[in-house]
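Everything below concerns the one structure shown next.
The values are calculated or read from the model by the stated rules, or taken from the named source; none is laboratory data. Computed from a prediction, not measured in an experiment: that's the story for all the values here. Cβ sites come from the backbone with ideal geometry, for glycine too, and all protein chains shown count toward neighbours. All accessible areas refer to the heavy atoms of the entire protein, side chains included, with ligands and DNA or RNA removed. Shrake-Rupley method; radii C 1.70, N 1.55, O 1.52, S 1.80 Å.
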Amino acid sequence: MPRFRLAAVCLATAFFASCSQKEEVAPVTPPTQPPVTPPTTPVVPPLSVHLTMGNPSGAAADEALTTNFLLLKPQYALSYHRDRGIPNWVSWHLSASWLGSAARQDDFRADATLPTGWHRPGSSSYSGSGFDRGHNCPSADRTATVADNSATFLMSNMIPQAPRNNQQTWNNLEGYCRTLVGQGHELYVIMGQYGTGGTGANGYKTSVDAGRVTVPKRIWKVIVVLPVGDDDLTRVNSATRVIAVDTPNENTVSTTWGSYRTSVDAIEAATGYDLLSAVSPAVQEVLEARVDSGPVQ
């Protein structure tokens, strides 16, 4: 074979041998990904039974809300006003299960659950003022256990109340509420106050406790009356009985609470609250415009 052909064959053989060899490539390691954390579901506290009909002022457990601070007790819920030293309103459920044979505890005391640094009215804060330590959620509405009754004596559940108003007018209304329970009903009750200045046994005052507790001008209550049952909110309809009462905080007040009946709309206009806010708007419109004319005993 001629030399030049032999050389060509050798070159060709070398070329194809080189091209037939695969280039070794290092495996590619995928970038490390951070572990995926599954989204967490926020923990929402269960709605207090005492707020079934709504939160009238949108109160929240936020210390920045000094005039509308929410306190949730097992026995009732309330909105507290730090600067007035009294609750704006107190709301509670009343049924036969809350009533029993526990004695009245009379253990008036400061509420230690109020934020640190806030004035906490104590058992003697109203002493010598001529005003009673007037319960919002009554002692007699919480007699199933000693603990339940004792909870009503926290001063965060009190307002300076004219003795005649407290001991007769409101006492008569509270007794009628328990009569309704005995007749097979359950109630949702909201009690509150507004304005400044009342007349007690020692005359007119705007405050007690060295000016740290306001004496309210008016005291009101709204009562939703239902037959005993379940799913209470869904059972409120345009025929449901709602009793709204608004009295002056005066020692000359009539002992007949029925003469102070008014509409929920009127109380809302006076306070700026949205009462029965959890009830459907169409039903609210009917119930809140009506003035109760049912029995008073």
So Ala147, is it part of a helix (DSSP H, G or I), open to solvent by 20 Å² or more (accessible area, probe 1.4 Å) and out of contact with any Phe, Trp or Tyr (no Cβ under 6 Å at 6 or more places or on another chain): yes
Between a residue in the stretch 156-185 that is over 21 Å from Ala201 (Cβ atoms) and basic (Lys, Arg) and any residue that is assigned to a loop (DSSP other than H, G, I, E, B) and open to solvent by 10 Å² or more (accessible area, probe 1.4 Å), which pairs come within a Cβ distance under 9 Å, given they are 6 or more apart or on different chains? Arg178/Leu99
Of the residues that make up the stretch 160-182, is at least one closer than 21 Å to Val49 by Cβ and buried (at least 24 other Cβ atoms within 10 Å of the Cβ)? no
Given the conditions (1) more than 19 Å from the chain's Cα centre (by Cα); (2) of a type outside the set (Gly, Ala, Ser); (3) under 13 Å from Asp132 (Cα atoms); (4) assigned to a strand (DSSP E or B), which single one is not true for Ile159? (1)
Name every residue in the stretch 186-206 that is touching a residue at least 24 places away in the same chain (Cβ under 8 Å), outside any loop (DSSP other than H, G, I, E, B) and farther than 23 Å from Glu288 by Cα, in order of residue number. Gly198, Thr199, Gly200, Gly203, Lys205
Of everything in the stretch 195-221, what is open to solvent by less than 10 Å² (accessible area, probe 1.4 Å) and touching a helix residue (DSSP H, G or I) at 6+ places or on another chain (Cβ under 6 Å)? Give them in sequence order. Trp220
Of all residues in the stretch 92-108 being part of a helix (DSSP H, G or I) and of a type outside the set (Phe, Trp, Tyr), the one that is least open to solvent (accessible area, probe 1.4 Å): Ala96
Going by the structure shown, is Asp111 open to solvent by less than 50 Å² (accessible area, probe 1.4 Å) and in contact (Cβ under 8 Å) with a residue 24 or more places away in the chain? yes
Tally time: how many residues in the stretch 183-194 are surrounded by fewer than 16 Cβ atoms within 10 Å (Cβ to Cβ) and either in contact with a strand residue (DSSP E or B) (Cβ under 8 Å, 6 or more places away or on another chain) or under 30 Å from Trp118 (Cβ atoms) (or both)? 1
